[in-house]
Amino acid sequence: MLSILRFNFAVPGLDRGALAASYQAGVEMARYADEAGFAMISLEEHHGAENGWSPAPLVNAGLVLGATRRVHVIIQALLVPLNDPLRVAEQLAVLDLASGGRITAVAGLGYRPQEYADAGLDWSKRAALLDECLDAITSAWTGEEFEYRGRRLRVTPMPRSARAQLLWVGGSVKASARRAARLGLPLCPPSNLPELEAYYHAQCAARGTSGFVVMPPPDLSLIHVAEDPDKAWAEIGKHFLHEATLYSSWQPPGQTSAAHSHATTLEELRAEGRYRILTPQECVARAVGDGDTPGAPTTVLHPLCGGMPPEEGWKSLRLYVEEVLPRVRELREAKAAAAQA
């Protein structure tokens, strides 16, 4: 079972005390999850959000990597066209070197015109800008001189990891697959799109490159653990609804994402299943399966969702670490022993 911790540090009202508590709790939760054997910490990037949704993911990545020793950090997505690609190349290289290769960024275009307007960029030229940025970043990592916007320069230091570990290409359309295949970079769609995966591999074959595709499972849910789910929905469900409705309001027509909810009420959100509050026992059953039904390979915990008070997030995280993970290991070891007998 793959255990992932997701953070976006969004706090409705932008209360500075609550924001500080959220950022500090995120670092401590990451440390705790690392010690418990979590595989990954997921971060994001947005700008100008009414709740402060994750404007500095590279900074957050540095804080998390500095507090941990094993867990991998993924930024999905890093809105590369809104950043200076040379600074992105430098910062990712430093994070890669300092962490021992525990950082990956998924390069995304974004889907909010306001973010481009705020950055003084032309929304209609975003695809060309992303291509230019990706070319600059990958050229920077060669350690050699290259041309960027009419000038010759060299960027240091070089990362330790291969660029296919450090940088993936996000997107849900064929242009994204072509972009990734052209550069020989992995493709990371925001939702489960097997047709796009096949198209990507065909493009790689046509261009003489190679790579892989990482995408969420078709039934991805964001999990919160509680002894009494009904009580938890009544007390903290508003935080899930805040995130779900704000995120939905950002989505343009046709935009696909595994995290996109269409709910407008708490009752709809609970019935939809995109956000789920489960007991520890239900988490165990979900992880190991029952009989011929396979268990869920991925569990994503979102303990600070929608400005949730850190103490509520800690309750969920501790239940998962102390009651779910040990039981899952026991059951899987028992199954393996029975299979060998």
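Among the DSSP beta bridges whose two residues both lie in the chain, what percent are antiparallel, rounded to the nearest 5?
Numbers: 4 of 33 bridges.
Restricted to the chain, the bridges split so that about 10 percent are antiparallel.
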Stretch gain in nm, segment Glu195-Glu311, where the contour uses 0.36 nm per residue and the Cα spacing is subtracted: 37.6 nm
Once amide H atoms are built 1.01 Å from N in the peptide plane, which residues 5 or more positions from Ala105, or in another chain, come under 5 Å H to H? Ile75, Leu167, Trp168
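Counting helices only, and only those DSSP H runs with n ≥ 4, report the 222 nm mean residue ellipticity of the chain as the sum of -39,500 (n - 2.57) divided by its residues, in deg cm²/dmol to the nearest 500.
It comes out at -14500 deg cm²/dmol, rounded to the nearest 500.
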Helix axis angle, 325-340 relative to the chain longest principal axis, alpha carbon, degrees: 90
Taking neighbour Cβ counts within 10 Å as the exposure measure, how do Met158, Met215 sort from fewest upward? Met158, Met215
Stretch gain in nm, segment Ala334-Glu267, where the contour uses 0.36 nm per residue and the Cα spacing is subtracted: 20.3 nm
Taking the Cα atoms only, what angle lies between the long axis of helix 85-99 and the longest principal axis of the chain, rounded to 10 degrees? 50
Give the lysines whose C-alpha is closer than 22 Å to that of Lys231, dropping any in the same chain fewer than 8 places away, or say none. Lys315
Span from the the range 170-196 Cα centroid across to the the range 262-341 one, whole angstrom: 29
Report which label in (i) 23.2; (ii) 20.1; (iii) 21.1 holds the value of Kirkwood radius over Cα pairs in Å derived from the coordinates of this structure. (iii)
Using +1 at the C-beta of Lys and Arg and -1 at the C-beta of Asp and Glu, which of Ala263, Ala119, Gly184 has the Cα lying farthest in the positive direction of the dipole of the chain? Gly184
Set of the range 158-193 residues, backbone N closer than 19 Å to the point 7 Å along the Cα-Cβ line of Ser248: 191
Can you give me the Cα centroid spacing of the range 139-163 and the range 37-109 in angstrom? 20
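Values quoted throughout were computed directly from the atomic coordinates according to the rules given, and no laboratory measurement underlies them. Source: prediction; values computed, not measured. Glycine also receives a Cβ, built like all others from the backbone with ideal geometry; neighbour counts cover every protein chain displayed.
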